[in-house]
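First the structure, in the form of structure tokens, and then the observations on it.
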Amino acid sequence: MIEGGWICRACWRPNGPREEVCYRCHTPRDQQLAVEAGSLKEQTEPGYELKGRLDADLSILAYLVAWPLRVLGGLGITIGVSIALLSLLNSAEDRPDVLGMPFNTYLTLFGIFVLLFGVLQIFLARSVRRHAQWAYGVVLLISVFWFISSLLGLYLPASTEGAAASSATFSAWIYLLMAAGSAALLLTSFIRREVE
């Protein structure tokens with residue numbers, strides 16, 4: 001930044017204090033406060049791409065879709081760090097090798113994988129909160145997959161009863177609601193209203 005200078009809001013280039021016109025895009029300094037429709041300055045403002053998109057008005061729905069991902073991501077980070085630390089502290093000389101690796105190495109790599117998956121879920125939740133269309137599609141696919149797999153009992157035996165069965169049913173409903181919410185956000189992201 002030039003001392004005493006100013007930043008052109010049309011092209012975001014620094015200019016000297018005595019320059020009355022931006023040296024790069026030639027926008028006059030006295031017109032920096034006015035925004036013309038369709039100008040480069042308007043297009044560089046935060047939220048320009050969301051103007052008029054209906055999903056930008058559904059921030060509460062985006063929050064509700066992202067909330068389970070944030071919780072699962074936080075749990076994944078905590079569990080991944082715990083597994084990795086436990087594998088470093090635990091002596092596994094009597095344990096057999098897993099996939100050609102010592103048991104502790106396998107456990108450490110598994111903990112790192114769980115941690116990275118948790119970070120990915122938090123990133124996906126933040127992208128949904130920022131109204132990224134690709135994130136809506138990814139959450140929709142993941143939610144439908146986990147809902148169907150929980151209905152078919154792919155990750156829990158059919159004979160499971162009690163608290164485990166209740167939590168599986170609860171998670172199936174959560175995934176169904178996430179799928180419905182992300183589908184609604186994805187559909188409304190393609191609908192635009194007129195902006196004054």
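The values are calculated or read from the model by the stated rules, or taken from the named source; none is laboratory data. Source: prediction; values computed, not measured. Positions of Cβ are generated from backbone atoms using ideal geometry, with glycine treated the same way; all protein chains shown enter the neighbour counts.
Here are Glu45, Glu93, Glu49: which of them is modelled with pLDDT under 80 and in a helix (DSSP H, G or I)?
Exactly one of Glu45, Glu93, Glu49 is modelled with pLDDT under 80 and in a helix (DSSP H, G or I), namely Glu49.
Could you tell me which of the residues Val35, Val65, Val21, Val81 is at pLDDT 85 or above and more than 30 Å from Tyr175 (Cβ to Cβ)? Quick ask: steps written out before the conclusion?
Numbers: Val35 fails: at pLDDT 85 or above; Val65 fails: more than 30 Å from Tyr175 (Cβ to Cβ); Val81 fails: more than 30 Å from Tyr175 (Cβ to Cβ).
Step by step, each of Val35, Val65, Val21, Val81 is checked, and only Val21 is at pLDDT 85 or above and more than 30 Å from Tyr175 (Cβ to Cβ).
Failed condition for Pro28, given (1) of a type outside the set (Gly, Ala, Ser); (2) in contact with a strand residue (DSSP E or B) (Cβ under 6 Å, 6 or more places away or on another chain); (3) at pLDDT 85 or above, with all others met?
So the condition that Pro28 fails would be (3).
Enumerate the pairs (first residue in region 164-178 and under 15 Å from Pro68 (Cα atoms) and assigned to a helix (DSSP H, G or I); second residue anywhere and among the aromatic types (Phe, Trp, Tyr) and at pLDDT below 80) with beta-carbon separation below 6 Å, excluding pairs fewer than 6 apart on the same chain, so at least 6 apart or on different chains.
Pairs that qualify, where the first residue is under 15 Å from Pro68 (Cα atoms) and assigned to a helix (DSSP H, G or I) and the partner is among the aromatic types (Phe, Trp, Tyr) and at pLDDT below 80: there are none.
Restricted to region 109-139, and to residues that are in contact (Cβ under 8 Å) with a residue 60 or more places away in the chain and of a type in the set (Val, Ile, Thr), which residue is nearest to Ser59 (Cα to Cα)?
Checked region 109-139; the qualifying residue nearest to Ser59 (Cα to Cα) is Val128.
Which of the residues belonging to region 126-165 are of a type in the set (Ser, Thr, Tyr) and modelled with pLDDT of 90 or more?
Ser127, Tyr136, Ser143 - these are the residues of region 126-165 that are of a type in the set (Ser, Thr, Tyr) and modelled with pLDDT of 90 or more.
Which of the residues spanning region 115-129 are among the basic types (Lys, Arg) and more than 8 Å from the chain's Cα centre (by Cα)?
Passing the criteria: none in range.
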